[in-house]
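Engineer: Below you will find the structure I want to go over with you.
The values are calculated or read from the model by the stated rules, or taken from the named source; none is laboratory data. All figures in this text were calculated on a predicted structure; none of them were measured in a lab. Every residue, glycine among them, receives a Cβ derived from its backbone with ideal geometry; neighbour counts consider all protein chains shown. The accessibility values were calculated without ligands, DNA or RNA, using every heavy atom of the protein model including side chains. Shrake-Rupley method; radii C 1.70, N 1.55, O 1.52, S 1.80 Å.
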Amino acid sequence: MKCPNCGSESITLDLNKGTYICTNCGYVIDEFVIDQGPEWRAYTEQDRLERERTGSPITAKVHDFGITTTIGYSRSSNKTKIEKLRAIQNKLRVSPKDRKLVTYLSVLNNEAAKLNLPEYVKETASLLIRKIIDEGKAKRIDIYTLIAAVLYYSCQVNKIPKSLQEIKNNYGISSSELWKALERVQKVAKSSLEFKPNIKPTEFIPKIVEKLNLPPYISTKASELVDLMHKNGLTSGKGYTALAAASVYLVSTLMDAKKTQKDIANALNITEVTIRNRYKEIISNFEIEVKL
């Protein structure tokens, strides 16, 4: 919106008078604007929750997307009858074909909470697990292994730096089991653009620098190095955690804030050999000479 008088875009809405006013010249652009908000006022969060007349938002974390009704206690004197009705409603809410989905979503929400993952990652994981169950890809596989793979993949989609090693350690599963589960997830996910991984190796660097108590400029320079490699296609097929760790090791050495490969490997639960291999690849690609 622009002011027709002076052309300024500095427009404000006076909610008390229902007018749009230009703060630059004071011109009244529109009057008697309809208030689209509620007719009640709330001064605290508790007031707002008590006065709202709408239900919770639609969410994929619940088998019926949260579209349901609940029998309240109301003012009925027959509490026993109300309890029986509530019990019947809870049984009818989950149909036989949805019981498997309810179990998987319940486990998914619990495991995502243990990993301290944000809500939008849970939503992505819930949509993905629905698709996996619908396509029959959840058969003959351990539920926790599949959930671990789904959460890892959802982190990749939402740019949350979680490594495979971190997921393996949390669930105590082997690499082969996790890769098999991840292969199923990828087959289902590749048919939809909304499940396309968006994470870059630079996302892992701040977390590594923080764990190693290195100065912030190490993170900046290591990110520039890895970003340059990513743009030139040199990160294809490489583990992002190891690549980020190797870049941090290299930059910290060049900038006299050195951490040993053993220190970095122990902090990230990966092997020194993996870091060393990625480190040598970086040096050979950029012709960097390091004198220790």
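Engineer: Using the heavy atoms of the protein chains alone and a 1.4 angstrom probe, what is the accessible area of the range 201-284 per residue in square angstrom?
Structural biologist: 49 Å²
Engineer: Can I ask one more? Compute the helix-to-body angle for 175-189: its Cα long axis versus the longest principal axis of the chain, expressed 0 to 90° and rounded to tens.
Structural biologist: Taking the Cα atoms of the chain, the angle to 175-189 is about 50 degrees.
Engineer: Relative contact order (percent) for the chain, with alpha-carbon contacts under 8 angstrom and 6 or more residues of separation?
Structural biologist: 9 percent
Engineer: Next question. Provide the packing ranking of 110-122, 23-35, 141-153, 212-224, i.e. peptides ordered by the mean count of other C-beta atoms within 10 Å per residue, highest first.
Structural biologist: My ranking of the peptides, most packed first, is 141-153, 212-224, 110-122, 23-35.
Engineer: Another one. What is the Cα radius of gyration of the chain over 2.2 N^0.38 Å, N being its residue count? Numbers along the way, then the final one.
Structural biologist: Numbers: Rg = 27.0 Å, N = 292, 2.2 N^0.38 = 19.0 Å.
Dividing the Cα radius of gyration by 2.2 N^0.38 Å gives 1.42.
Engineer: Specify the angular offset, from 0 to 90 degrees and rounded to the nearest 10, of the alpha carbon long axis of helix 99-114 from the longest principal axis of the alpha carbons in the chain.
Structural biologist: 60 degrees
Engineer: Once the other residues with Cβ under 12 Å from the Cβ of Thr271 are scored (Lys, Arg +1; Asp, Glu -1), what is the net sum?
Structural biologist: Value of the local net charge: +2.
Engineer: Among the trypsin sites (Lys or Arg not before Pro) in the range 137-198, which ones are in a DSSP loop with at most 14 other Cβ atoms within 10 Å of the Cβ? Mind listing them?
Structural biologist: When the trypsin sites (Lys or Arg not before Pro) of the range 137-198 are filtered for loop state and at most 14 Cβ neighbours within 10 Å, Lys139, Arg140, Lys159, Lys190 remain.
Engineer: Related question: Report relative contact order for the range 1-156 in percent, whole number only (criteria: Cα-Cα under 8 Å, sequence separation at least 6). Mind showing how you got there, number by number?
Structural biologist: On the way: 130 pairs, mean separation 20.2, N = 156.
Result for the range 1-156 is 13 percent.
Engineer: Just how far, in whole angstrom, is the range 113-191 from the range 198-274 if you go by their alpha carbon centroids?
Structural biologist: If you average the Cα positions of each part, the centres end up 25 Å apart.
Engineer: At a 1.4 Å probe, what is the % contribution of carbon and sulfur to the accessible area of the chain?
Structural biologist: In the chain, the share of accessible area belonging to carbon and sulfur is 50 percent.
Engineer: Using a 1.4 angstrom probe on the protein heavy atoms only, line up Thr44, Thr202 by accessible area, largest first.
Structural biologist: Descending accessible area places them as Thr44, Thr202.
Engineer: In a Gaussian network model over the chain where Cα atoms closer than 10 Å are linked, find which of Lys258, Lys200, Lys231 has the largest mean-square fluctuation.
Structural biologist: Its mean-square fluctuation being the largest, the pick is Lys231.
Engineer: How tilted is helix 272-286 with respect to the longest principal axis of the chain? Cα atoms for both, answer in degrees (0 to 90, nearest 10).
Structural biologist: Between the helix axis and the principal axis of the chain, the angle is about 80 degrees.
Engineer: Which order do you get for Arg41, Arg276, Arg130 if you rank them by accessible area with a 1.4 Å probe, largest at the top?
Structural biologist: From most accessible down to least: Arg41, Arg276, Arg130.
Engineer: Can I ask one more? Only Cα pairs under 8 Å and at least 6 apart count here; give the relative contact order of the range 201-284 as a rounded whole percent.
Structural biologist: 32 percent
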